[in-house]
Amino acid sequence: MRPVEFLLLAVFLVTTAWGLGNEENPHWMLRSDGEPDEEKCAICHDEDKNLLSSKEETCLSCHERTLHSGSEEHLRASAAQVQTLLPPKGKYGVEFPLAEDGRMYCGTCHLFHDPRVDEVTLAAPRTLPSEGIAWEIRQAVERQVRAILALRPESEVQWSFAQESTGFLRLPLTESELCVACHEREGNGR
C-alpha cells in the first residue's frame, strides 16, 4: 500500500472505528447480561489476564500507529520527555498510564477497557471544538489530507472527520482538556 493510500485509509478508519456497535467493538467487554465477554478479553489477554504482548504492541495489533494526527509524535517522545510534561498523579482526576519503558502509548490518552469493567470515567462524546489545540490539529490534518488528495485528482476516496470526538478519551477535548493536561507547562500555557 502506498503512503497516500495508507493515510486515506487511516482517515477513513478514524471516522468509522468508534461507530461500531458495542457488539463488534472489543473495547466494550460486557455482554448484554452484564457478564464479561471472555472472547473479547482473549484478544489482548491470556487466561490469567496478563497481556499477550507489550502495551504498545497490544494496541498496534488492531490499530495503526498513525491513526490520528499527533499520535506518531507522542509515541516517539522519550521517557524523559514524557516525565517533564506528565501532570502530577491525581491532578486531573485520571491516571495517565505509560508503557513499560516509561514512554507514552495509545492507552496514555485513550481508554482501552470498557469503563463498566475498569471503573473509569468515560469522557462523554462532544461536538468537536471550533478553537484551541484540538481544533488546530484537526485543521492541520484536513490541510494535509486535502493536499494529498489534490495530488491524486483521479482518486474517488471520500473522507470526512467524525462529527463528535471519541468518548474513549481519558479527558474530553471540549476545551482541549486532554491536550492541556500535559502541555500547559509549555511556553504558551499549553
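Suppose we filter region 52-81 for residues that are in contact with a His (Cβ under 7 Å, 6 or more places away or on another chain) and closer than 30 Å to HIS183 by Cα; how many remain?
First pass over region 52-81, keeping only residues in contact with a His (Cβ under 7 Å, 6 or more places away or on another chain): 52.
Keeping just the survivors that are closer than 30 Å to HIS183 by Cα gives none.
Number satisfying all stated conditions: 0.
Can you tell me which residue in region 95-131 is modelled with the highest pLDDT, limited to those that are part of a loop (DSSP other than H, G, I, E, B) and β-branched (Val, Ile, Thr)? Lay out the reasoning, then the answer.
Initially, region 95-131 is screened for residues part of a loop (DSSP other than H, G, I, E, B), giving 95-105, 111-114, 119-126, 128-131.
So of that shortlist, the ones also β-branched (Val, Ile, Thr) come out as 120-121.
Values: VAL120: 65, THR121: 59.
So the residue we want is VAL120.
Please determine, by comparing only the residues of region 36-60 that are over 16 Å from GLU24 (Cα atoms) and within 18 Å of the chain's Cα centre (by Cα), which one is modelled with the lowest pLDDT.
Among them, the one singled out is LEU60.
May I ask you to list the residues in region 66-94 that are part of a helix (DSSP H, G or I) and either modelled with pLDDT of 90 or more or among the β-branched types (Val, Ile, Thr) (or both)?
At the first step, the residues of region 66-94 found to be part of a helix (DSSP H, G or I) are 71-76, 79-85.
If the condition is that a residue be part of a helix (DSSP H, G or I) and either modelled with pLDDT of 90 or more or among the β-branched types (Val, Ile, Thr) (or both), then ALA79, ALA80, GLN81, VAL82, GLN83, THR84, LEU85 are the ones that fit.
The values are calculated or read from the model by the stated rules, or taken from the named source; none is laboratory data. Quick caveat, the model's predicted, so the values are computed rather than measured. In this analysis, Cβ positions are derived from the backbone assuming ideal geometry, glycine residues included, and neighbour counts consider all displayed protein chains.
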